[in-house]
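Have a look at the structure below, then the notes.
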Amino acid sequence: MMKVLALLLLAAVALAKHEELIGWKSYYLAPANEEHLQTIGRLKYDLDLDVLSHPILQREGVVLVKPEHHDSFIQAVQEAGIPYRIHREDVKAALDYDDMVIETRRRERVMRNSREMPYDSYQRMEVIDAYLERIAREYPDTVTLVTAANSFNGRPINYLKISTTNFEDESKPVIFIDGGIHAREWISPPTVTYAIRKLVEDVTESDLLDRFDWILLPVVNPDGYEHTFTTYRFWRKTRSTDQHSLSPTCPGVDGNRNYDFFWNTVGTSASPCADTYAGNRPFSEIETRVVRDIVQENLHRLALYLTMHSYGSMILYPWGHDGTLSPNAFALHLVGVAMADRIFENQLPNFPRYVVGNSVLVIGYPAAGASEDWAHLVGVPLSYTYELPGLAGGLNGFHLDPIYIEQVAKETWEGIVVGARQAGDLFLRNK
Ligand code: 0X9
Ligand code: ZN
């Protein structure tokens, strides 16, 4: 009897998931001119659209539409003549399906009794933390686990330092990669854990350990990340409640608007309820302070910083607040293109090809307070935001089918290899 009750309860919980998304739909928008772009910009605020992938000229994007605004949305895009088509008729059903696939893969893993890190299923926080602990335990000569701080809700923010010389050879350049600052971008953390695997467990490029010290932080924002699994799939921000009198009702800060780079000037919001809320001051979040401190501690030899986001298949570089170029733009572009070319050689034919360039020009909107800009401003010569693939044309964006996780992790690793080697060459030349 108890068992039956427990099963019924489980089923009820499963059905109750994503309930806040009942009636939500998502649409592709393909703006054809400047006016269309402006209308979309306005609709975003008027109809509270959630932009899953930013539309620009010649590249359609995806927006989430709430049921109460659906009719006005359709009327507005039709009146403005903006080409549109349905992306997901029933967002809740699409997410329920994703959950089912993810759960099936997880069960298969449990049945196989696998100790391996999964790349056919999304990685929950406890799986990632257990992996970091295991790697540090099994490879004590090269790997150190650091718990930099606790997140706002008390979860450890863990990273690995990987080095053949315990970070004591000051002549080696450092490479720092972080992921999971935006909670809903699930494909990001596995690309960082996969880099750990390739540096420690399954070494095929041993020069990368001889030449560099590495810092790998798979999930900057563990509170937000877990929230997307347990409660709300499209959560983006941290989960802090101490920013504003409204923060307890509207928690969280957009980590990628919280860095001290033209903070809160453009592409951000001063409203705590907005998805791009910048926080009440630069580095108001413990999560961004952790990244700040890693950069500052290693600045004198930090050659390359990569921050993993999704989606859109883009490699973006500064400056992201106004589209101007830094004095190092030539190198930024060359190394960016080299990484993208190597990814192209390793990608699947149904994946979109990477586009490389200045953040504003490529992604199509300016945004201040981003980590890639701040790191470059303070002196990291090569600093990039990766927008990992989301297969917008075929499958979904944030909820990329788990069968593609391993492919994305592998091809991204190829990009990292090229980026590291080139960063190393440039770093030595400029010393
Ligand atoms: O808006 C962002 O923070 C990034 N895109 S995302 O869809 N992952 O949210 C892009 C950041 C681009 N970089 C700068 N604006 N510097
Ligand atoms: Zn992001």
message: If I filter the stretch 276-289 for residues that are within 11 Å of ligand 1 (Cβ to nearest atom), part of a loop (DSSP other than H, G, I, E, B) and modelled with pLDDT under 95, do I get at least one hit?
response: no
field: Failed condition for T104, given (1) open to solvent by less than 40 Å² (accessible area, probe 1.4 Å); (2) of a type in the set (V, I, T); (3) within 28 Å of S313 (Cα to Cα)
entry: (1)
statement: When (1) in contact with a Leu (Cβ under 7 Å, 6 or more places away or on another chain); (2) within 16 Å of ligand 2 (Cβ to nearest atom) are applied to W214, the one that fails is (2)
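Conditions (1) farther than 23 Å from G180 by Cβ; (2) at pLDDT below 95; (3) outside the structural domain of T288 (by TED's automatic domain parsing), marked per residue:
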| residue | (1), (2), (3) |
| --- | --- |
| A338 | yes, no, no |
| D341 | yes, no, no |
| L348 | yes, yes, no |
| F351 | no, yes, no |
| G364 | yes, yes, no |
| L377 | no, no, no |
| E411 | no, no, no |
| V417 | no, no, no |
message: Go through the stretch 212-246 and report how many residues are among the small types (G, A, S) and in a helix (DSSP H, G or I).
response: 1
task: Spot the failing condition for E387; the list is (1) closer than 18 Å to S188 by Cβ; (2) surrounded by fewer than 21 Cβ atoms within 10 Å (Cβ to Cβ), and only one is missed.
output: (2)
message: Step by step: first the residues of the stretch 57-77, then only those that are out of contact with any Pro (no Cβ under 7 Å at 6 or more places or on another chain) and assigned to a strand (DSSP E or B), then the one that is nearest to G364 (Cα to Cα). Which residue is that?
response: R59
- request: State all residues of the stretch 343-368 that are within 8 Å of ligand 1 (Cβ to nearest atom) and either surrounded by 20 or more Cβ atoms within 10 Å (Cβ to Cβ) or more than 18 Å from the chain's Cα centre (by Cα) (or both); if no residue qualifies, say none.
  value: S359, V360, I363, A367, A368
- prompt: Given the conditions (1) modelled with pLDDT of 95 or more; (2) open to solvent by 20 Å² or more (accessible area, probe 1.4 Å); (3) of a type in the set (G, A, S), which single one is not true for G179?
  reply: (2)
- request: Report, by residue number, each residue of the stretch 318-336 that is more than 19 Å from T265 (Cβ to Cβ), surrounded by 15 or more Cβ atoms within 10 Å (Cβ to Cβ) and not small (G, A, S).
  value: N328, L332, H333, V335
- line: Of the candidates S188, S163, the one satisfying the condition of being within 14 Å of ligand 2 (Cβ to nearest atom) and of a type in the set (S, T, N, Q) is S188
message: Restricting to the stretch 313-336, and then to whatever is within 20 Å of the chain's Cα centre (by Cα) and over 19 Å from L377 (Cβ atoms), can you tell me which residue is nearest to ligand 2 (Cβ to nearest atom)?
response: M314
query: If you check every pair at least six apart or on different chains, which have Cβ atoms under 6 Å apart with a residue in the stretch 42-55 that is closer than 15 Å to E387 by Cα first and a residue that is among the small types (G, A, S) second?
result: L52/G397; S53/G61; S53/G312; S53/A392; S53/G397; H54/G61; H54/G364; P55/G61
task: Kindly check whether there is at least one residue in the stretch 272-281 that is open to solvent by 30 Å² or more (accessible area, probe 1.4 Å), in contact with a Pro (Cβ under 7 Å, 6 or more places away or on another chain), of a type in the set (K, R) and over 20 Å from E387 (Cα atoms).
output: no
query: Looking at (1) of a type outside the set (V, I, T); (2) in contact with a helix residue (DSSP H, G or I) (Cβ under 9 Å, 6 or more places away or on another chain); (3) buried (at least 20 other Cβ atoms within 10 Å of the Cβ), which is the only condition N298 fails?
result: (2)
message: Every residue in the stretch 196-245 that is among the polar types (S, T, N, Q) and open to solvent by 10 Å² or more (accessible area, probe 1.4 Å), please.
response: T204, S206, T230, T231, T241, Q243, S245
statement: Taking the stretch 191-211 and keeping only residues that are more than 17 Å from Q123 (Cβ to Cβ), touching a residue at least 24 places away in the same chain (Cβ under 8 Å) and either within 14 Å of ligand 2 (Cβ to nearest atom) or part of a loop (DSSP other than H, G, I, E, B) (or both), one is left with E205
task: Give me a count of the residues in the stretch 109-127 that are modelled with pLDDT under 85 and not aliphatic (A, V, I, L, M).
output: 6
message: Can you say whether E411 is under 25 Å from V51 (Cβ atoms), among the acidic types (D, E) and open to solvent by less than 50 Å² (accessible area, probe 1.4 Å), as far as the supplied structure shows?
response: no
- request: Take the stretch 300-312 and flag every residue that is more than 12 Å from the chain's Cα centre (by Cα) and not in a helix (DSSP H, G or I).
  value: L302, A303, L304, Y305
message: Whether any residue in the stretch 49-72 is at pLDDT 90 or above and hydroxyl-bearing (S, T, Y) is what I want to check.
response: yes
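The values are calculated or read from the model by the stated rules, or taken from the named source; none is laboratory data. None of these values were measured; they are calculated from a predicted model. Here the Cβ is made from the backbone with ideal geometry for all residues, glycine too, and neighbour counts use every protein chain on show. The accessibility values were calculated without ligands, DNA or RNA, using every heavy atom of the protein model including side chains. Shrake-Rupley method; radii C 1.70, N 1.55, O 1.52, S 1.80 Å.
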